[in-house]
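In what follows, a single structure is set out as structure tokens and then discussed.
Please treat every number below as a calculation from the coordinates, not as lab data. Keep in mind it's a predicted model, so treat the numbers as computed, not measured. Glycine also receives a Cβ, built like all others from the backbone with ideal geometry; neighbour counts cover every protein chain displayed.
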Amino acid sequence: MAGFLNQYEILFNKAKADLSAANVLYTRLLEGNSELDLEVICFHLQQSAEKRMKAVLSKNKIYYPKIHDLETLINLLSENCIAFETDRELLIELNDYAVEGRYSIMHEELDNINDIFILLSDMTNEAEKIIAEK
């Protein structure tokens, strides 16, 4: 029987699943699947970043509000002296996709989506290191 997972482990695993989903959807979009849109992909990217930061906060027993605002989460990490290296401005671009992107068409081209995929991959590595330290 498998043991129970800690909250930070659940969040970290869900963050990885969101990034995997975004990768699959983006590949399908590039292949010409017209039923997909960028907002859905960016929603999964935003969720991945959010859950990754919440996993690190949870591992460090730091309370975080039930929010989707990536800037607030970055600030919480910083305020608690957790060195989480990330491109703050690029990450914050995903904020609108947490809610608005699910319910409306944003009609924005995200020219730097490849940079965001790289950023989230780097965040995965960074979060794994932080979680393993404690």
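Between the helical axis of 38-59 and the dominant principal axis of the chain, each derived from Cα atoms, what acute angle in degrees is found, rounded to the nearest 10?
Orientation of helix 38-59: about 0 degrees from the principal axis.
Could you grab the relative contact order for region 7-133? Cα pairs under 8 Å, six or more apart, rounded to a whole percent.
30
Of 88, 52, how do they rank once you tally other Cβ atoms within 10 Å and put the fewest first?
Fewest-to-most ranking of 88, 52: 88, 52.
So what is the calculated 222 nm ellipticity per residue for the chain, using -39500 (n - 2.57) for each DSSP H run with n of 4 or more, over all residues, to the nearest 500 deg cm²/dmol?
-21000 deg cm²/dmol
Students often get this wrong: which residues of region 41-82 have the backbone nitrogen under 13 Å from the point 7 angstrom along Cα-to-C-beta of residue 6?
Those under the cut-off are 55-62.
Arranged by the count of other C-beta atoms within 10 angstrom, fewest first, what order do 16, 61, 51, 66 take?
By the 10 Å Cβ count, ascending: 66, 61, 16, 51.
Order these peptides, 77-83, 91-97, by their mean beta-carbon neighbour count within 10 angstrom, highest first.
With the highest mean Cβ count within 10 Å placed first, the list reads 91-97, 77-83.
Relative to the longest principal axis of the chain, what angle (0 to 90°, nearest 10) does the C-alpha long axis of helix 113-133 take?
Rounded to the nearest ten degrees, it is 10.
Report, to the nearest 10°, how far helix 70-79 tilts away from the longest principal axis of the Cα atoms in the chain, using its own Cα long axis and a range of 0 to 90°.
The helix 70-79 is inclined about 20 degrees to the chain.
Starting from the Cα gyration tensor of region 1-91, take the square roots of the eigenvalues, sort them a ≥ b ≥ c, and report rounded, prolate or oblate (rounded when a/c is under 1.5, otherwise prolate if a/b is larger than b/c, else oblate).
Oblate is the answer for region 1-91, as a/c is 1.5 or above yet b/c matches or exceeds a/b.
In what order do 44, 68 fall by count of nearby beta-carbon atoms within 10 Å, going from fewest to most?
Lowest count first: 68, 44.
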